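Notes to accompany the following structure.
Values quoted throughout were computed directly from the atomic coordinates according to the rules given, and no laboratory measurement underlies them. Everything quoted here is computed from the prediction, not taken from an experiment. Please note: Cβ atoms are built from the backbone with ideal geometry, for glycine as well, and neighbour counts cover all protein chains shown.
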Amino acid sequence: MSAPPPVPAETTELLGNGDTARASLEALRSEIAKAVVGQDPAVTGLVVALLCRGHVLLEGVPGVAKTLLVRALAASLELDTKRVQFTPDLMPSDVTGSLVYNARTAEFSFQPGPVFTNLLLADEINRTPPKTQSSLLEAMEERQVTVDGTPRQLPDPFLVAATQNPVEYEGTYPLPEAQLDRFLLKLTVPLPSREEEINVLTRHSDGFDPRDLKSAGIRPVAGPSDLEAARNAVARTKVSPEIAGYVVDICRATRESPSLSLGVSPRGATALLSTARAWAWLTGRDYVIPDDVKALALPTLRHRIQLRPEAEMEGVTPDSVITAVLTHVPVPR
């Protein structure tokens, strides 16, 4: 998945609020680039997740700007963001909030946790036990938190960006398949190229402080109203029966792959269709084509399949399986 091409000015003039919103979201890339070098696919993936009301799992080694990326996105969209460092002793109430006794009134009042925000950065989510990991499930799926039997709505938009380290497994609690399936996208955040890394060092030597985004010149270029207009436009993006069948054929092919013990579920098929629609809209179309499905297949499906042990020993990866499926499934004409 690469960044979508810019929208032609004449196209923006002909279309309505949706295209004004598209232009605003397109400006996010250049705004975030003031703080984050490269990582355009990850930026676009986060925007796609916001358009689809989904959540993102960011995987990359420490020090590749995963936290900075989320903070820069929140600043560019004028959204509230909070960060939780997941540790083995973190309790569910540390995330969701809890009832606190007020001695003055002799009553319990609810103290909201960090989950009550627009962009929640769940840092190293696989370092906390399953009980705390599961505290996010209701928030991610129902957009609410229930404490003492009372449901409390989360703000809109709401996105969980969870990070995990792909190279260090000691003392971690791998996310179960059912929880992985709740994430709309799994984005890999790679190490920068040599030129990009030189750019990072040059910025730091010139006084760039990643803890102070205002000094980097980041300003809001879009807001919740733009996001809502964009979501409405995405919902109007047309999907032909042939495209729907193509999505289903891809997902069913994973269930028949000899390298997999678990293929993509119907929820995964729905997710792929949603992300393909958002991608089609971002690229300036009001209809989905097969290339949109192919562009989002890897980030949408790679965490929804499970390799057989023997295939893993032979060096097979989820990405290679999905790539092979895309090669063999007939493309609608």
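Using a simple spin-label model with pseudo-atoms 7 Å out from Cα toward Cβ, SER261 and VAL331 lie 3.4 nm apart. One chain, two ends: ASP286 and SER215. Fully extended at 0.36 nm per residue, the span grows by 21.8 nm beyond their Cα-Cα distance. Shown is the FRET efficiency for SER109 and SER193, computed with R0 = 56 Å from the Cβ-Cβ distance and rounded to the nearest 0.05: 0.60. Here the stretch 208-268 is assigned +1 on the Cβ of each Lys and Arg and -1 on the Cβ of each Asp and Glu. Its dipole about the Cα centre then comes out at about 120 debye. Taking amide hydrogens as placed 1.01 Å from N in the peptide plane, the amide H of ARG285 sits under 5 Å from that of no residue at least 5 positions away in sequence or on another chain.
Rounded to the nearest whole Hz, the Karplus-based 3J(HN,Hα) values (6.51 cos²θ - 1.76 cosθ + 1.60, θ = phi - 60°) of the stretch 126-136 follow the sequence 7, 9, 10, x, x, 4, 6, 4, 6, 5, 7, with x at glycine and proline. The Rg/Rh ratio for the chain is 0.98, where Rg is the radius of gyration of the alpha carbons and Rh is the Kirkwood radius. For GLY97, the residues whose amide H sits under 5 Å from its own are GLY113, ignoring neighbours fewer than 5 places away on the same chain, with H placed 1.01 Å from N. Only helices enter this figure: runs of n ≥ 4 DSSP H residues, each worth -39500 (n - 2.57), summed and divided by the residues of the chain, yield -13500 deg cm²/dmol at 222 nm to the nearest 500.
A P(r) calculated from all alpha carbon pairs of the stretch 239-300, with 10 Å bins opening at zero, reads 24, 53, 19, 4 percent.
Here the Karplus relation 6.51 cos²θ - 1.76 cosθ + 1.60, evaluated at θ = phi - 60°, turns the backbone of the stretch 279-296 into coupling constants of 5, 4, 5, 4, 8, x, 10, 10, 8, 9, 10, x, 5, 5, 5, 5, 5, 9 Hz, with x for every Gly and Pro. Remark: relative contact order (the stretch 133-280) = 15 percent; criterion is Cα-Cα distance under 8 angstrom and separation of 6 or more residues.
State the Cα centre-to-centre distance between the stretch 173-188 and the stretch 247-287 in whole Å. Centre-to-centre (Cα) distance: 16 Å. Two numbers describe the Cα atoms of the stretch 135-235: Rg and Dmax, which are 19.0, 54 Å. In the stretch 185-304, the inverse of the mean reciprocal separation of distinct Cα atoms equals 17.3 Å; this is its Kirkwood hydrodynamic radius.
From most to least packed by mean Cβ count within 10 Å, the peptides 40-52, 62-74, 136-148 give 40-52, 62-74, 136-148.
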